[in-house]
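The values are calculated or read from the model by the stated rules, or taken from the named source; none is laboratory data. Predicted model only: the values in this text are computed from it and were never measured. Glycine also receives a Cβ, built like all others from the backbone with ideal geometry; neighbour counts cover every protein chain displayed. To get the accessible areas, we keep the full protein, side chains included, count just its heavy atoms, and leave off ligands, DNA and RNA. Shrake-Rupley method; radii C 1.70, N 1.55, O 1.52, S 1.80 Å.
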Amino acid sequence: MVSIQERIVLITGASSGIGASCAKLFAQGGAKLILAARRLERLEQMADSLSKEFSSSVHLLQLDVRDRSQVESALQSLPDPWSNVDVLINNAGLSRGLSKLHEGNFQDWEEMIDTNIKGLLYVTRYILPGMVSRGSGHVVNIGSIAGHQTYPGGNVYCGSKAAVRAISEGLKQDLLGTPVRVTSVDPGLVETEFSEVRFHGDTEQAKKVYQGLTPLTPDDVADVVFFCVTRPAHVNISQVLLVPTDQATPTMVHRRKL
Ligand code: NDP
Ligand code: 8X3
């Protein structure tokens, strides 16, 4: 395992779920963290607990990845000790709704496309040139099983994650010949705020998604991300599809009777 000590790790969507778990695991490994999300209070609480628990150095960015000029000014004005990002974890993302496409909501579509695809591209575009010119770096994109197989009502969300998958592949091709690595970590069902966001705050409907099965935890996904990042420099874990044992495909899940 290669040490992550003192390496600068930028995590988008660090205020919750998989991003928050990654922050904790990388902090434990001694990394210096740049944590980005829209909910600054959440990030402040995390920074506080990470610096108490692991004496971590943390730099916070209140950032909406959908806003290109915001992304540009935040990432191009990173203070000196933070400007050479070693690891970028493109995790910020969301689903909205589960409607049939012909009944879909335009605002939901735009939110998903703007966050999951365009936001990921904006952040990557501003961070990657530094990695290429310094000759080191690692980009981890959080995709999804939904980028491999589409499910009913998943239309635009699945499309956005299929785009992430294609973008990860394209990045690998474009970076060939440089030492910069690209990994796509594609989980199945993970119990986070994801379903609550998908169902616009309907917690009952969200709970049903995980009822009777044992989903992945955000820590399970963070473990995989950490593993990929800490391989020796000549090893690139290109893609990982991880699902709960109770899940075979997006729609085939094993639920126990409650
Ligand atoms: P959460 O809802 O718990 O976390 C999503 C994170 O993304 C939050 O920190 C949120 O922060 C951030 N985010 C959302 N929109 C924006 C934005 N416009 N700008 C900046 N940050 C944003 O869900 P998960 O942890 O589950 O999701 C993380 C990633 O994992 C997503 O890309 C998701 O698609 C993917 N994924 C999730 C799976 C699951 O079953 N949960 C399975 C497969 C993939 P804030 O609201 O503060 O901005
Ligand atoms: C999240 C996985 O299948 O619940 O990306 O949409 S799924």
Inset, instruction - From the list G97, G147, G154, pick out the single residue that is open to solvent by less than 30 Å² (accessible area, probe 1.4 Å) and over 19 Å from the mean Cα position of the chain (by Cα). - result: G97
Legend entry - Pairs, first within 17 Å of D48 (Cβ to Cβ) and more than 6 Å from ligand 1 (Cβ to nearest atom) in segment 8-20, second open to solvent by less than 10 Å² (accessible area, probe 1.4 Å) and in a loop (DSSP other than H, G, I, E, B), C-beta under 9 Å, six or more apart: A20/A14
Legend entry - The one condition in (1) more than 19 Å from S144 (Cβ to Cβ); (2) open to solvent by less than 40 Å² (accessible area, probe 1.4 Å); (3) not in a loop (DSSP other than H, G, I, E, B) that G212 fails to fulfil: (3)
Inset, instruction - Working carefully through the options T192, T183, T217, T251, find the one that is at pLDDT 95 or above and open to solvent by 70 Å² or more (accessible area, probe 1.4 Å). - result: T251
Legend entry - Residue count, segment 59-76 (criterion: touching a helix residue (DSSP H, G or I) at 6+ places or on another chain (Cβ under 8 Å) and in a helix (DSSP H, G or I)): 5
Legend entry - Residue in segment 223-235 that is under 30 Å from Q107 (Cα atoms) and surrounded by 14 or more Cβ atoms within 10 Å (Cβ to Cβ) present: no
Inset, instruction - Just give me the residues in segment 166-180 being surrounded by fewer than 19 Cβ atoms within 10 Å (Cβ to Cβ), in contact with a Ser or Thr (Cβ under 9 Å, 6 or more places away or on another chain) and within 15 Å of N116 (Cβ to Cβ), in sequence order. - result: none
Inset, instruction - Identify, from the list V139, V185, the residue that is in a strand (DSSP E or B) and in contact with a Cys (Cβ under 8 Å, 6 or more places away or on another chain). - result: V185
Inset, instruction - Determine if segment 42-58 includes at least one residue that is under 18 Å from N141 (Cα atoms) and in contact with a helix residue (DSSP H, G or I) (Cβ under 9 Å, 6 or more places away or on another chain). - result: no
Inset, instruction - Name the single residue, out of those in segment 47-70 being out of contact with any Leu (no Cβ under 9 Å at 6 or more places or on another chain) and near ligand 1 (Cβ under 9 Å from one of its atoms), that is least open to solvent (accessible area, probe 1.4 Å). - result: D64
Legend entry - Residue that is most open to solvent (accessible area, probe 1.4 Å) [pool: residues in segment 100-136 that are small (G, A, S) and either in contact with an Asp or Glu (Cβ under 6 Å, 6 or more places away or on another chain) or assigned to a helix (DSSP H, G or I) (or both)]: S133
